[in-house]
Structure formats: structure tokens, C-alpha cells
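Step one of this worksheet: look at the structure below.
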Amino acid sequence: MPEEEIEPIRWEEGQLLLLDQTLLPERQKWLTIDTVEAAIEAIREMRVRGAPAIGVAAAYTMVIAAASISAPTMSTWLSLLDPISGRIAAARPTAVNLGWAVQRSVEVARGANSPTEAHERLLALAHKTKADDVATNRRIGRNGAQLIPNKGGILTHCNTGALATAGYGTALGIIRAAWEQGKRPHIFCTETRPWLQGARLTAWELVQMGIPGELIVDSAAGWLMSRGEVSAIVVGADRIAANGDTANKIGTYSLAVLAKSHNIPFYIAAPISTVDVGVATGEEIVIEERPPEEVVNVKGQRIAAEGISVRNPSFDVTPAEYITAIITDQGIHKAPYERALRTAVHQTKAMAG
Ligand code: MRU
């Protein structure tokens, strides 16, 4: 395991620091974020990315927003916070954690008696969001590790490790927890075109953790499954509908369909806060479309014919019927998902008071 834990989001001396994920693995550069605009740019340009990490960054951005407003009365102050909150929440559309974190912050601010008190409460909430995320991920890891075989191949997609969270990771956290328990599965991580979260970030994290893994191009997954080299697939989630339909990085759906046709268990790993019971099915989930440049360029170098049109959906929805189980901090949930997920969400809210 790494001597130093990867911690991509920090708050030091009143400033938000983000490890710029657009530059990894070549460069480890920390960005100092001191304006709401800079934070929104960092989220939109994926300098910070991964659903839980975006949520934590958003909670700290609300602290920056609070510090930037001055108003004579609390009600004026809140009315100025409102549009800023809306802009932060709109930075990326698919991951539920962004809007969730902003909404929680707005509620906390509304409960304060003065801007100073609101600022203090928002900072405490951001610190709590960050600490809770790491604790939650460790629980997901423990819950999911029992499904990981001692040997055999485990395939994961995109990056769901410490970099995508406040620390430890979700799907990659399960792989890590299994490894910490002494299990020794063979890890395959997909490249994850076009942004290369797998090649650039998951591969880097595996190397940092000392967990041997093999990087594959996305299109190699089906072939490896057909050869019996994959025993299970575990991926993360950006938003889980009440019926279990799950939005995650583009390519997840293809992996799930392949898994079903090869009889391979397909697991989703996410904190219970990623479950959006306000969304009945995956049909209602907004899928982010990202700029064509991500597809036609690799590291600033054009690879596609000039003049070609591009479609770049950044996420897809995997229907619940393809999912063997959803692993959260609350346990391992199986179909029918609706009741299991609603109960788990309800229990979590009750525990939080
Ligand atoms: O576009 P990204 O890199 O933010 O997408 C990340 C994913 O799709 C992850 O699988 C998901 O957010 C879960 S991260 C623990």
C-alpha cells in the first residue's frame, strides 16, 4: 500500500488545493483555487473529477462563495448566494454528488443567523463531507471485498480510486480492500477513451499502491471475457436511479452487456449518496456531452481526419437488469433494487438525523 495516501483535495490555510488531474501521471501540480470561477473551471475541465471528488470540491467551493459575498442582512446575503450555488451545481450535469453537495451547503447556510456563522458552518460541512467520503469508501471496500475472488481476473473501468474521491476510492477501493485482505486477483484496467482515466489515473494509482495490474484498450475487454480471463467486473457510478439503472463512464454499458452474455458478475460500487431516488429510471438521467476535441486530439495532437464530425457522450446508462449487485456503504443490494435502495437511503437519512 502507498506510504502516503493519495489525497486529491485539500484545504490549507483557508485555501482550496486541487491536484490537477489533467496533468497526471506526468506531473503532480497543485492548483490553488481562490475564486468560484476558478473552481467551476476546475470541475468543468476535469482538473478535479469523479463523482464523489466533485461533491467534496463543490462543498469547499461553497465556502469560497460564502467568503466572496458581503451584504447588510442575512436575507440579502442568502439571495446573493443562490445564483452562485446554481452556477456551481451546473458545472457538470451527470454526477449527482455535485448538486447534492451544493444543496446540503445551501440548507446549512439557510440555518445560520449571520454570514459569519454561515461561513463557519459551510467550512465545517465541507470538512465533514470530505472525512465522511473517506470513511464511506472504506465501508464500500469492506462490503465489496467479500465478492472478490482470491484469484481470477477483476476488470475495472475509468478511475474510481482515491483520485476520484476524497481518498481510498469506491470500485478501486474494493480492489484495494481485497488486496489488503490478502486476496490476489489479477486486475485489468481499461484505458477509458477518450479522456484516458484508466490509462492515466487508475494505472498510476495501481502502481502507487503496488497492486499489479494490466492496462487494456477498451475494445480488448470482450475478448478477455470470452477467454475466461475475467471473473468479475466492478465499476463506479455517477448517478443511480431508484430502480437501479446506473449512469457511469461511457463504455460501462458495453461492459455490462458483454458480462451478461459471458455469465460474469457485474458490480456497481458507490456511496449511498449517489442513489438519486428523485429519478425513477435511467431515462431521466442527463448525460453530459463533452467537447469533440477530447476525441480528435490525444495530448494536443490531432489523430482524426480534419472535417469529421464527432459525438462525445461522456456517460452511459446501464439498465438494472445487467447489474448483479450494487455495493454501497450500506451493504450489498440485489434486485429488485427499488425497495432495497429506497430503504438504504431512508436509513442513511435517519442515521444522519
Ligand atoms: O468524467 P469523470 O472522470 O468525472 O467520470 C468518472 C466516472 O465515471 C466514475 O466511474 C464515477 O464518477 C465514480 S468515481 C468514484
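Annotations
- All positions within region 169-212 that are among the charged types (D, E, K, R), surrounded by fewer than 24 Cβ atoms within 10 Å (Cβ to Cβ) and farther than 17 Å from Gly152 by Cβ: Glu180, Glu191, Arg193, Arg200
- Within region 171-183, being closer than 19 Å to Ala199 by Cβ and within 11 Å of the ligand (Cβ to nearest atom) holds for Ala171, Leu172.
The rows are residues; the columns are (1) of a type in the set (S, T, N, Q); (2) at pLDDT 95 or above; (3) in the same structural domain as Ala67 (by TED's automatic domain parsing).
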site	(1), (2), (3)
Gln103	yes, yes, yes
His119	no, yes, yes
Ala162	no, yes, no
Gly173	no, yes, no
Gly182	no, yes, no
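- Region 237-256, residues that are out of contact with any Phe, Trp or Tyr (no Cβ under 7 Å at 6 or more places or on another chain) and basic (Lys, Arg): Arg239
- Taking the criterion of being part of a loop (DSSP other than H, G, I, E, B), more than 16 Å from the ligand (Cβ to nearest atom) and touching a strand residue (DSSP E or B) at 6+ places or on another chain (Cβ under 9 Å), the residues of region 229-243 that qualify are Glu229, Val230, Ser231, Ala242.
- In region 32-66, the residues that are in contact with a Pro (Cβ under 8 Å, 6 or more places away or on another chain) and more than 17 Å from Leu196 (Cα to Cα): Pro52, Ala53, Ala66
- Residues (touching a strand residue (DSSP E or B) at 6+ places or on another chain (Cβ under 7 Å) and basic (Lys, Arg)) located in region 29-68: Arg47
- Every listed requirement among (1) within 16 Å of the ligand (Cβ to nearest atom); (2) under 23 Å from Gln330 (Cβ atoms); (3) in contact with a helix residue (DSSP H, G or I) (Cβ under 9 Å, 6 or more places away or on another chain) is met by Ala135 save one, (3).
- Number of positions in region 189-218 that are out of contact with any Ser or Thr (no Cβ under 8 Å at 6 or more places or on another chain) and in a helix (DSSP H, G or I): 10
The values are calculated or read from the model by the stated rules, or taken from the named source; none is laboratory data. Every value quoted in this text rests on a predicted model; they were computed, and no experiment measured them. Please note: Cβ atoms are built from the backbone with ideal geometry, for glycine as well, and neighbour counts cover all protein chains shown.
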